[in-house]
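Q: Sharing a structure, written as structure tokens. Questions coming.
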Amino acid sequence: MQKSLSLILTKSTGEINPDQEKFLKIADSNLGRLFRLINDILDISKLEANKLELNISAFNLNEVVQEVVSSLYNWAKEKGINLESKLTPAEIIVHADKDRIIQVITNLLGNAIKFTPQGGKISAEVIPLAKAEGIYPGECIQVDVSDTGIGIEQKDLTRIFNKFEQVSLVQPSGIGGTGLGLAICKEIIELHKGKIWAQSKIGEESKFSFIIPKEIKKEAQDGQSTGQV
Ligand code: ADP
């Protein structure tokens, strides 16, 4: 459906009048929403049934963050937001599920763009840690996504990681959400034996951070299938 709409919208199939273009754009945008909603519901169902398995490989996290930032750059630019990555020049190799980590970073940066007004700033930073007290005993990596957006009240900072929680009083214009994104991020990060959390000053800024082990040790991975850590 998306491909067909795109062929008409890009006028590959011939001219369309402004009204037709307007309604086709609405259909295209709603199709996008439906697509995200279905994917989110499928992910949540898989997670609830313990059927989401990590596909672990080694990759450079700096490169992945840069890729996600580049893919969202135009959206931020259109909204008049400055989006940047703060990366060390050295490679940061992690053993994790690359597609799922891309999903988490895309969701956090997407939210930052949605909830930051024009003129705002967003950054994604990758910080290597020797260990993460109370999270994982070995080498870890922290990723921070900071924005100068509308912020989140202290009382809601944990609640937003629950399913279908949408707490902002101002609904973002454009792309609507499902309230499932952060719940999925939390499950994915916890499957990696990591932790995700948010800090914020209402009306000023939000910072979403997650920590994952550089490489999940064998015992911790085994714990994943038995439910033990
Ligand atoms: P969605 O974005 O689809 O609504 P999420 O689970 O990703 O769902 O986010 C849940 C809620 O958390 C959002 O609806 C919003 O109220 C709040 N939120 C998430 N990220 C931010 C952010 N960067 N700034 C302000 N509020 C946020």
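Q: Quick one: check the C-alpha center-to-center distance for segment 81-143 versus segment 37-66, whole angstrom.
A: Here the answer is 15 Å between Cα centres.
Q: Report the full-extension gain for the segment GLN20 to GLU204: residue separation times 0.36 nm, less the Cα-Cα distance, to one decimal in nm. Kindly include the intermediate steps, with their values, before the conclusion.
A: Numbers: separation 184, 0.36 × 184 = 66.24 nm, distance 4.04 nm.
Computed gain between GLN20 and GLU204 is 62.2 nm.
Q: To continue, here is another question. Take the Cβ-Cβ distance between ASN162 and LYS86 as r, set R0 to 45 Å, and report the resulting FRET efficiency rounded to the nearest 0.05.
A: 0.90
Q: Please list, short to long, the whole-number percent of alpha-carbon pairs of the chain in consecutive 5 angstrom bins beginning at zero.
A: Each 5 Å bin holds this share of Cα pairs: 1, 6, 13, 16, 18, 17, 13, 8, 5, 3, 1, 1, 0.
Q: Something else: Could you sort out which of LYS86/LYS217; LYS155/LYS193; LYS98/LYS214; LYS121/LYS186; LYS79/LYS121 sit more than 20 Å apart by Cα distance in this structure?
A: On the way: LYS86/LYS217 28 Å; LYS155/LYS193 25 Å; LYS98/LYS214 12 Å; LYS121/LYS186 24 Å; LYS79/LYS121 11 Å.
Distance filter (> 20 Å) returns LYS86/LYS217; LYS155/LYS193; LYS121/LYS186.
Q: Please arrange GLU21, GLU48, GLU215, GLU133 by counting, for each residue, the other beta carbons lying within 10 Å of its beta carbon, fewest first.
A: GLU133, GLU48, GLU21, GLU215
Q: Let me ask you something else. Indicate the gyration tensor shape class of segment 125-204 (rounded, prolate or oblate), computed on the Cα atoms with a ≥ b ≥ c the square roots of the eigenvalues: a/c under 1.5 is rounded; otherwise a/b larger than b/c is prolate and the rest oblate.
A: Prolate, because a/c is 1.5 or more and a/b exceeds b/c.
Q: Residues with amide H under 5 Å of ILE141's amide H, sequence separation 5 or more or different chain, H placed in the peptide plane at 1.01 Å from N; which?
A: Excluding prolines and chain starts, which carry no amide H, the hits are LEU129, ILE212, LYS214.
Q: Find, among the GluC sites (Glu not before Pro) in segment 52-127, those assigned to loop by DSSP (not H, G, I, E, B) with at most 13 other beta-carbon atoms within 10 angstrom.
A: On the way: sites: GLU53, GLU63, GLU67, GLU78, GLU84, GLU91, GLU125; in loops: GLU53, GLU91.
When the GluC sites (Glu not before Pro) of segment 52-127 are filtered for loop state and at most 13 Cβ neighbours within 10 Å, GLU53, GLU91 remain.
Q: Per DSSP H run of n ≥ 4, the term is -39500 (n - 2.57); total these for the chain, divide by its residue number, and report the mean residue ellipticity at 222 nm rounded to 500 deg cm²/dmol.
A: -13500 deg cm²/dmol
Q: Extending each Cα 7 Å along its Cβ direction at ILE102 and ALA27, get the distance between those two points in nm, one decimal.
A: The two pseudo-label positions are separated by 2.9 nm.
Q: At what distance in nm do the modelled label points of LYS11 and GLU53 sit from each other, each positioned 7 Å from its Cα along Cα→Cβ?
A: 5.0
Read-outs throughout are calculated quantities, based only on the coordinates presented, and are distinct from any laboratory measurement. These numbers come from a predicted model, not from an experiment. Cβ: placed from backbone, ideal geometry, glycine included. Neighbour counts: every protein chain shown.
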